[in-house]
1. Could you tell me the calculated FRET efficiency between THR148 and ILE360, based on Cβ-Cβ distance and R0 = 45 angstrom, to the nearest 0.05?
2. Considering just Cα atoms, how many Å³ per residue does the convex hull of the stretch 144-206 enclose?
3. Give me the dipole magnitude in Debye, nearest 20, for the stretch 74-139 about the Cα centre, with unit charges on the beta carbon: positive for Lys and Arg, negative for Asp and Glu.
4. How do GLU121, GLU214 line up, fewest other C-beta atoms within 10 Å first?
5. So which of LYS84/LYS141; LYS118/LYS206; LYS206/LYS261 end up more than 23 Å apart, counting from Cα to Cα?
6. Quick one: net charge of ILE78's neighbours, Cβ under 9 Å, K/R +1, D/E -1?
7. Shape verdict for the stretch 74-139, please, from the Cα gyration tensor: rounded (a/c under 1.5), prolate (a/b greater than b/c) or oblate.
8. Based only on the alpha carbon positions, what is the Kirkwood hydrodynamic radius of the stretch 223-320, in angstrom?
Amino acid sequence: MSERPPISPRSPRAALEPEQVPPPPKRSERARNPFVVVGNAIFTILIIMMIAAGTTYYYGRQMLETPGPLQDDKIVNIPARAGKRDIADVLLREGVINVNPWAFIGGVFALKASSDLKPGEYSFQKNASLRDVIATIVEGKVVQHSVTIPEGLTSEQIVARLIDNDIFSGSVRELPREGTLLPETYKFPRGTAREQVIQRMQQTQKRVLAEIWERRNPDVLVKSPEQLITLASIIEKETGRADERSRVAAVFTNRLRQRIKLQSDPTIIYGLVGGKGTLGRPIRRSEITQPSPYNTYVIEGLPPGPIANPGRASLEAAANPARTRDLFFVADGTGGHAFTETYDQHQKNVVKLRALEKQIQNDTVEPSEDAPPPTAAGVPADTNPTATTTRPGAAKKPPARPAAPAAAPGRQGAAQTNAAPPVVQR
């Protein structure tokens, strides 16, 4: 047993008084120094901040790098003037992200992209992480939509197509001059202004025209790039076959050289309807000789301007026609044309085409009641045996069977034929 310390006897009064506790040791002068106190506080705060920063970095990185919820690639439109919260809401609604909008905003700040977010239509890849999503919007690589403008349309027809296309915005203040737009396949982001589209087509046309004009055959008869466009527009409306363009160009070039009227049906149509482009019915025989600045059955040489917007291939053909002596071409019934140098050869081709068409008409449909009655001559005044016989539209889309010829193959020298079927427009 341990020995207890001896208990000193105390008086009753002393026993009632509390025992005296020894005072705590005095703090050293160094510990009471304010600089030490502040330093300890700062050190403690730094430790806490480092722990918080490490935790935030770890979880923030996890949030940025974790694959997103998209199961397939998806196109999403970020509207103009959308703020960071608006963008987060759109992405969350479209299923591109699955984090809180504030987490998205935090990611934007973490990647220092607060002022670099761009509106537009973006394609987000499958399982795109939050980092990938933000990077896509920052890069501004918006979806490009392909828009194809076919060759041979008038400026009015092209503008109508642009207005009908809902990926473009804005209006068209002024109709572009005929022949100043280059038909081609272009790529535009959604929301591109229609005026901007037209400007790009015009700039491309100027560049292409300058290149082709620089490489033109020195023997071509056109004296300016504007005349080259006019000739190319007629070639464009006469054939869409790549293997025929330079030969059609040669026919018109040869006729210009010999001062023979071009006699192209598409010029009649343009003189009648202008930029509308299509007549909607066969050409009447009275319209063949109807005075018009564009009617090449009436005027000498080229019309005063283009009748459509030709493509690059037709411009190339007009600048570098084939070296032939052809003066005539007529539809061959297979979607192409038969070219000849003399009128006698041409008439033989016309007879073949007439026989083929007559056989097909007998096998398919009866003649239209609106067709002009056949005559011995088939045409009014001009019976120049060196005229070109053309069929607009025959080569643009080769038909399964030949249609009735345009510009009535018997129109020139038609006294040798007994019937002249109606002229059909392109």
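1. The calculated FRET efficiency here is 0.90.
2. Numbers: hull volume 4.4 nm³, N = 63.
Convex hull volume per residue, Cα atoms: 71 Å³.
3. 80 debye
4. If I rank by nearby Cβ atoms, fewest first, I get GLU214, GLU121.
5. Working: LYS84/LYS141 18 Å; LYS118/LYS206 32 Å; LYS206/LYS261 29 Å.
Those over the limit are LYS118/LYS206; LYS206/LYS261.
6. Summing Lys and Arg as +1 and Asp and Glu as -1 gives -1.
7. rounded
8. One over the average 1/r among Cα pairs gives 13.4 Å for the stretch 223-320.
Values in this text are rule-based calculations from the coordinates and carry no lab data. Every value quoted in this text rests on a predicted model; they were computed, and no experiment measured them. Using ideal geometry, Cβ is built from the backbone for each residue, glycine included, and neighbour counts are taken over all protein chains shown.
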